[in-house]
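Asks: Quick one: this structure, given as structure tokens, is what I'll be asking you about.
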Amino acid sequence: MTLRPFTGLLFSCACLAQQLAQTPPMGWNSWNKFAEKINGQTVKEIADAMVSSGMKDAGYVYVNIDDTWQGKRDAEGVLQPNEKFPDMKGLADYVHSKGLKIGIYSSPGPKTCAGYEGSYQHEAQDAQTWAAWGIDYLKYDWCSAKDVYKDEEMPAVYKKMGDALKATGRPIVFSLCQYGKQKVWEWGAASGGNLWRTTGDIEASWKSMSSIGFDKQTGLDQYAGPGHWNDPDMLEVGNDRMDAVEDKCHMSLWAMLAAPLLAGNDIRSMSDDTKEILLNKELIAIDQDKLGRQGTRVTKDGRTETWMKPLSNGDMAVAMFNRDDRDQLMIVKWSDLGITGKHEVRDVWHHADRGRIKDLFEAEVSSHGAVVIRVAK
């Protein structure tokens, strides 16, 4: 099948996709921790833990099922869940009863990444099925689509599902997962996307996280805003292959990037360190700021760098990142932020006011760590 490339304007009225995701989506996704071992009962337990842990109150609302839920199509072509998910409508109802929303996963190709049934030639039918179940979020992963489409057809292929979701009449957040190919940030919103992956998959390692977060988001800030977000992939906080300092850095960078915050750990058994990181409401407020601006790097000195994110009340979020293997004394000059004089400073990780400070702020930043401050206007 050949689809003509879509050439819609980035900010046409269809681009905001039903006015969803006015701030970056927050929630949880099953893949990073559970992969193919996810099932309906675990999803229910995660939903329970989202409430009891305080995640829901902090803003995490989506409980997203990734790959391996799919069964076979029936005689009419309607996709059925497999034995791990015996009642998808009932599961959605359960998640909704907790005040949460539920997400699902598919591919525009014949098969998903894990080899399960994709949505190829069943786009409208699948969208209607998900809407009937009560699905609120779709992650749509390119995978085997490469076997039936050319890469340059991506905008039209994704728009086909974007239109199908819209036609259901149900508000469904549309997450484009095609690894940043074809400069998706230039057309993702026009294809109905609310967020789009900017890179390949993240791994639970300092090398992977820092490469994706620091090195591969430059220049993309102009494409992010209410309803349409750059997505550097899910959070690896709490998955035990980075230490607490690195997890804090990870969370800090994603907040500065106005990135979707989709936890990927086992919410049922979080450590105190992981809870502190994921539930930092001051940092979450920076990510969720209604202005919707993605932060940018303002200075870089060797292995240290400073990022700034303007906020809706005129304040600035400022993050000092140390990518070096040794602790470093870092200085932020107000002149680098385009301001002068004295300004009130709030330490976001220590939840402490640092006073009215003139000209510059300095802090000792741990190796692979971050210090985040809020500088009043």
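Asks: Give the lysines whose C-alpha is closer than 26 Å to that of K98, dropping any in the same chain fewer than 8 places away, or say none.
Replies: K33, K37, K44, K56, K84, K89, K139, K166, K275, K281, K290
Asks: Quick check on the exposure proxy: order L253, L235, L337, L176 from fewest to most C-beta atoms within 10 angstrom.
Replies: L337, L253, L235, L176
Asks: Tell me, E282, E152, E76 in order of fewest to most beta-carbon neighbours within 10 Å?
Replies: Placing the least packed residue first, the sequence is E76, E152, E282.
Asks: Suppose the chain between N313 and K37 were pulled fully straight at 0.36 nm per residue; how much longer would it get relative to their current alpha carbon spacing?
Replies: Extending this stretch completely gives an extra 95.0 nm.
Asks: Could you give the length gained on full extension between D201 and A124, defined as 0.36 nm per residue of separation minus the Cα-Cα distance, in nm?
Replies: Working it through step by step, the gained length comes to 25.0 nm.
Asks: Rounded to the nearest 0.05, what FRET efficiency do K72 and S335 give with R0 = 56 Å and r taken as the Cβ-Cβ distance? Could you check?
Replies: 0.30
Asks: How much length would be gained if the chain were fully extended between S211 and D347, taking 0.36 nm per residue of separation minus their Cα-Cα distance, in nm to one decimal?
Replies: Contour length minus the Cα-Cα distance gives 46.4 nm.
Asks: Still on this structure, I have one more. Set Lys and Arg Cβ to +1 and Asp and Glu Cβ to -1, take the dipole of the stretch 296-375 about its Cα centre, and tell me which of V371, L311, F321 lies farthest positive.
Replies: Final value for the positive-end residue is L311.
Asks: Per DSSP H run of n ≥ 4, the term is -39500 (n - 2.57); total these for the chain, divide by its residue number, and report the mean residue ellipticity at 222 nm rounded to 500 deg cm²/dmol.
Replies: Dividing the helical sum by the residues of the chain leaves -6500 deg cm²/dmol.
Asks: Specify the inter-centroid distance of the stretch 61-119 and the stretch 304-372, based on alpha-carbon positions, in whole Å.
Replies: Their Cα centres are 43 Å away from one another.
Asks: On to the next question. Fewest to most neighbouring Cβ within 10 Å: what's the order for I46, I284, I331?
Replies: With the sparsest Cβ surroundings first, the list reads I331, I284, I46.
Asks: Here is a further query. Which log10 I(q)/I(0) values does the stretch 250-377 give at q = 0.22 Å⁻¹ under the Debye formula, counting every alpha carbon as one identical point scatterer?
Replies: So the normalised log intensities are -1.41.
Asks: Apply the Karplus curve 6.51 cos²θ - 1.76 cosθ + 1.60, θ = phi - 60°, to the phi angles in the stretch 236-245 and return the couplings in whole Hz, x for Gly and Pro.
Replies: 10, 4, x, 9, 6, 10, 10, 7, 4, 5
Each value in this text was obtained by applying a stated rule to the coordinates, not by laboratory testing. It should be emphasised that the depicted structure is a prediction, and the values quoted were computed from it without experimental measurement. Ideal geometry is used to build each Cβ from the backbone, glycine not excepted, and the neighbour counts take in all protein chains shown.
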